[in-house]
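Here the structure comes first, spelled out in structure tokens, and everything after it is commentary.
The values are calculated or read from the model by the stated rules, or taken from the named source; none is laboratory data. Computed from a prediction, not measured in an experiment: that's the story for all the values here. We place every Cβ from the backbone using ideal geometry, glycine too, and count neighbours over all the protein chains shown.
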Amino acid sequence: MSSAQPPGSMGAFQLLPLVEAAGALGLEADRLLACINVRAEELEDPRCRLPLGVEFALWDALQEMTQDPLVALRVGATVRVGVYGAYEYVLRNSLTLRACVERAHRFQRLVDDVTTISLVETADEATLRVARAGGYPVPPRGVECLFVVLARLGREQYGEGVPKQVRFAHPAPTDAHVFEKHFGCPVRFGAWHNEIVVDRELVDRPANGVDPHLGRVLEDHLNHLLQTVPQQDAFILRARGAVHDALAAGQVSMDEVARRLSMSPRTLRRHLEQRGTSYKLMLDDLRRALALQLVEQADDPLDAIAARLGFSEPSTFYRAFKRWSGTTPAAHRAQHRS
């Protein structure tokens, strides 16, 4: 399991559909839960929270148990309607796709603390983007499964032709052509974001089979549940996101991060000190997380990864990686892929 995992917690209820679907595929649910150290009754409790690392552990366990690179597609196709409970039904009973995304964004903290869902619009297209605040990673198999479920919901409520395109940020598997057959549209890997593309006119088209009254009742219920969920420090997530974006743009400096946050470097330093951290610690932690992610998941040369992370010399990156992981990048990549 990757050690480049986000902090925070997730609603245990979202694992129930995956465990049920795995059972329908012939896997032992008890064995799967034992692998991730979760009890069956926790999945039934709408208030139960689990560490976000459990999601990574679940997909690692499913991959290990099946040895199937397409396990996420199979699990997503087997997830039954309604198993996500009130969260799912409030989305199903949203008048339009725009309203659905707004509700998904508002109640996402019930699912987990750091994932964001947004709608990016151009003249011709609209893109449903799933990311994690602060540049934290999303498990590749997890986002594949989620997009299978979302594509099915989209076809139910808006008809054929949904989605128009699917994009994944992680590298392509060897059998990437199967994804295009499954989604019924072009699928791109190695993209900047995990996202589903639809026609722009779809955003405000009325959805099929919506009960607005039920949607409002569920909205009140979820607002009440939201008050019971712990919240991550919003400033730390914003600051980490700014460091992540600056790193991606090759502008690794405190002045650049402060500019992106619309504040002076002195103010940024004070806010971080008040929270027991610093720009240097945040940059080091983000580099560590991204280094582990890129070494494990990407096929880029190690020198190219060093440059991408803003290291002036590959040797500096190798020393930092050994400090983070206890081994060299090449050894870590070989061990992870074995």
Residue among G190, G215, G250, G241 that is closer than 20 Å to L309 by Cα and in the same structural domain as A169 (by TED's automatic domain parsing): G190
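Does A77 satisfy the criteria of being assigned by TED's automatic domain parsing to the domain that holds R216, crowded, with 20+ Cβ neighbours inside 10 Å, part of a helix (DSSP H, G or I) and among the aliphatic types (A, V, I, L, M)?
On the way: assigned by TED's automatic domain parsing to the domain that holds R216: yes; crowded, with 20+ Cβ neighbours inside 10 Å: no; part of a helix (DSSP H, G or I): yes; among the aliphatic types (A, V, I, L, M): yes.
Answer is no for this residue.
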Residue list for region 155-200, restricted to those being of a type outside the set (A, V, I, L, M, F, W, C) and in contact with a Ser or Thr (Cβ under 6 Å, 6 or more places away or on another chain): E195
Helices (runs of 4 or more DSSP H) within region 228-288 that include 1 or more residues within 30 Å of C48 (Cβ to Cβ) and among the aliphatic types (A, V, I, L, M): 234-248
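Being part of a helix (DSSP H, G or I) and modelled with pLDDT of 90 or more is the filter; apply it to region 45-55 and report the residue that is surrounded by the most Cβ atoms within 10 Å (Cβ to Cβ).
Keep residues of region 45-55 that are part of a helix (DSSP H, G or I), which gives 53-55.
Subset that is modelled with pLDDT of 90 or more: 54-55.
Details: V54: 17, E55: 22.
Per the stated criteria, the residue is E55.
Filter region 167-226 for residues that are among the polar types (S, T, N, Q) and in a loop (DSSP other than H, G, I, E, B); which is surrounded by the fewest Cβ atoms within 10 Å (Cβ to Cβ)? First the steps, then the outcome.
At the first step, the residues of region 167-226 found to be among the polar types (S, T, N, Q) are 174, 194, 208, 223.
Still in the running and in a loop (DSSP other than H, G, I, E, B): 174, 208.
Numbers: T174: 7, N208: 10.
Checking each candidate, the answer is T174.
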Matching residues, region 304-338, being among the aliphatic types (A, V, I, L, M) and not in a helix (DSSP H, G or I): L309
Qualifying residue in region 164-177 (condition: of a type outside the set (A, V, I, L, M, F, W, C), in contact with a helix residue (DSSP H, G or I) (Cβ under 8 Å, 6 or more places away or on another chain) and modelled with pLDDT of 90 or more): no
